């Protein structure tokens with residue numbers, strides 16, 4: 001795939017110079033910080049040293065006082081409280097965390113995760129009726145509920161109080177819940193808008209602790225749940241999320257609870273080295289597999305399990321499910337590609353909408369992501385469940401798929417989600433009309449540039465600048481995630497050392513040093529293509545650094561045709577092999 005290269009808009013030299021001087025860091029480090037909104041020493045200190053004291057007061061969230069009073073009243077009276085989650089990572093971690101907290105606070109509590117196949121996403125009428133039969137008096141939804149207007153109305157009709165802890169976009173109607181905790185709802189002035197569903201539930205726990213006189217440090221023992229949810233749900237890892245995730249990762253890397261330890265071992269991830277990327281690629285798929293292949297209640301049981309032996313058994317169940325899920329992924333992806341190759345018209349189509357009546361509903365969200373990545377178009381994947389087409393939508397950078405679905409909501413029975421990911425359901429006969437309507441919407445709102453994948457470099461850097469100290473500072477930018485991605489550098493004047501080779505599944509492995517002909521670094525001025533002219537420095541051509549480009553095997557011929565000088569976009573990382581740690585470039589593209 002060909003990419004557009006661009007460098008992030010660069011801040012003024014004076015601000016960068018002042019911050020570099022204050023931090024005793026090179027200007028390349030200061031420039032990255034300034035482009036991320038960090039311009040002063042104190043802001044940098046808070047960034048590099050996340051502090052729980054900087055968390056916001058939970059009572060700044062709309063309806064928090066009402067929610068806390070309602071929960072405290074239910075605990076005091078011994079009323080049955082049910083925590084109602086969702087079958088993804090955010091929903092299961094939220095349910096497990098809040099349930100355990102309530103039980104330890106003396107509540108008569110239970111938890112419930114809806115069945116993906118019979119109930120679908122969010123609060124269902126079946127779940128409400130089940131709660132009523134089981135004499136639930138307070139229903140707390142986590143990671144869902146904002147759009148469940150009719151279901152919440154039914155729960156209230158049956159005499160239940162309902163508290164919603166959610167972070168999804170509201171629809172036109174606001175549910176008649178006793179309290180709605182959602183920082184993006186109209187009228188909520190909570191300072192941080194990007195919490196995960198689990199993060200919102202954590203704020204409820206903070207508020208309860210204050211009202212009930214529980215030491216707030218008790219809440220902090222649950223930040224491992226919040227860290228997993230934040231990474232898996234791809235929420236921006238800035239501000240409050242960064243603080244919560246950083247402390248949660250400390251718990252996971254220190255002495256993880258038995259359920260999480262068993263999950264880490266099943267995934268082959270060692271506690272002590274866990275990063276947010278390992279949650280996304282290793283931990284989250286196994287938790288999600290519980291609901292994709294079977295019942296997601298098992299994932300919550302694993303998280304809450306205190307017996308290491310039982311935890312190992314449950315983790316192995318999820319491991320088996322995850323292997324089955326991978327097989328289904330490949331089969332469904334192959335079928336989707338065949339349909340796309342037969343029907344896709346690049347001059348006309350801006351959104352791919354596929355309907356496979358027999359596709360497994362547990363994997364179509366994953367396949368939608370793979371389709372969107374491969375074809376670089378938003379993708380909607382639908383399967384038929386009990387006569388209804390249900391599925392998932394995934395988008396590309398810059399295109400708001402939730403907004404596009406809202407413009408077509410008359411064709412659907414239900415939809416909900418975020419800017420880049422959503423769920424939907426409709427009658428099968430409306431699928432062609434939805435395909436046409438979504439494409440018409442996309443053609444009018446999607447610019448040509450949005451159809452070409454882009455890699456953005458934070459700044460320029462020269463190979464001689466990549467010292468152990470430089471690498472150590474870059475490591476402190478973690479935890480990485482949306483709006484705080486691992487810094488990517490534009491590196492020109494690159495010379496390949498030795499013979500590049502392909503390893504693994506089409507990965508390009510090679511070594512580089514600075515091209516001996518022209519020693520350069522820095523970025524004082526912009527040239528015509530958006531990159532910067534570079535300044536001279538004391539260059540050390542002997543510095544050789546390993547590099548790997550995942551999926552870049554197609555670049556091998558370009559690198560072995562006699563050309564000496566290259567430029568590349570790459571992140572900087574450390575590679576640990578046989579107990580030895582070396583610096584390594586993670587190459588995004590090369591030319």
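The values are calculated or read from the model by the stated rules, or taken from the named source; none is laboratory data. Bear in mind the structure is a predicted one, so any value in this text is a computation, not a measurement. Here Cβ is always computed from backbone atoms with ideal geometry, including for glycine, and neighbour counts include all displayed protein chains.
Okay, here's what the table says:
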read-out: Residues of region 481-500 satisfying the condition of being in contact (Cβ under 8 Å) with a residue 12 or more places away in the chain and surrounded by fewer than 17 Cβ atoms within 10 Å (Cβ to Cβ); value: 482, 483, 497, 498, 499
read-out: Matching entry among 115, 86 (being in a loop (DSSP other than H, G, I, E, B), under 24 Å from the mean Cα position of the chain (by Cα) and surrounded by fewer than 23 Cβ atoms within 10 Å (Cβ to Cβ)); value: 115
read-out: Residue that is farthest from residue 171 (Cα to Cα) [pool: residues in region 387-407 that are touching a residue at least 40 places away in the same chain (Cβ under 8 Å) and in a loop (DSSP other than H, G, I, E, B)]; value: 387
read-out: Single unsatisfied condition, residue 360 versus (1) in a helix (DSSP H, G or I); (2) touching a helix residue (DSSP H, G or I) at 6+ places or on another chain (Cβ under 6 Å); (3) surrounded by fewer than 22 Cβ atoms within 10 Å (Cβ to Cβ); value: (1)
read-out: Flag if residue 63 is touching a strand residue (DSSP E or B) at 6+ places or on another chain (Cβ under 7 Å), over 30 Å from residue 306 (Cα atoms) and either at pLDDT below 95 or surrounded by fewer than 23 Cβ atoms within 10 Å (Cβ to Cβ) (or both); value: yes
read-out: Flag for residue 128 being in contact with a helix residue (DSSP H, G or I) (Cβ under 6 Å, 6 or more places away or on another chain), more than 20 Å from residue 303 (Cβ to Cβ) and either in contact (Cβ under 8 Å) with a residue 12 or more places away in the chain or assigned to a helix (DSSP H, G or I) (or both); value: yes
read-out: Residue 31 touching a strand residue (DSSP E or B) at 6+ places or on another chain (Cβ under 6 Å), closer than 20 Å to residue 475 by Cα and either at pLDDT 95 or above or in the same structural domain as residue 290 (by TED's automatic domain parsing) (or both); value: yes
read-out: Any chance residue 74 is modelled with pLDDT of 95 or more, part of a helix (DSSP H, G or I) and crowded, with 19+ Cβ neighbours inside 10 Å; value: yes
read-out: Selection within region 558-579 - under 22 Å from residue 499 (Cβ atoms) and part of a strand (DSSP E or B); value: 565, 566, 567, 568, 570, 575, 577
read-out: Residue in region 99-112 that is part of a helix (DSSP H, G or I), under 30 Å from residue 424 (Cα atoms), touching a residue at least 24 places away in the same chain (Cβ under 8 Å) and not assigned by TED's automatic domain parsing to the domain that holds residue 472 present; value: yes
read-out: Selected residue (only one of 344, 354 is touching a residue at least 24 places away in the same chain (Cβ under 8 Å), surrounded by 23 or more Cβ atoms within 10 Å (Cβ to Cβ) and in the same structural domain as residue 435 (by TED's automatic domain parsing)); value: 354
read-out: Residue tally, condition part of a helix (DSSP H, G or I) and touching a helix residue (DSSP H, G or I) at 6+ places or on another chain (Cβ under 7 Å), over region 241-260; value: 12
read-out: Selection within region 48-80 - in contact (Cβ under 8 Å) with a residue 60 or more places away in the chain and under 30 Å from residue 23 (Cα atoms); value: 48, 50, 51, 52, 54, 55, 56
read-out: Residue 399 being buried (at least 21 other Cβ atoms within 10 Å of the Cβ) and out of contact with any strand residue (DSSP E or B) (no Cβ under 9 Å at 6 or more places or on another chain); value: yes
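Every residue, every condition in (1) exposed (fewer than 15 other Cβ atoms within 10 Å of the Cβ); (2) closer than 20 Å to residue 365 by Cβ, yes or no:
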position: 410; (1), (2): yes, no
position: 414; (1), (2): no, yes
position: 424; (1), (2): no, yes
position: 429; (1), (2): yes, no
position: 432; (1), (2): yes, no
position: 438; (1), (2): no, yes
position: 441; (1), (2): no, no
position: 448; (1), (2): yes, no
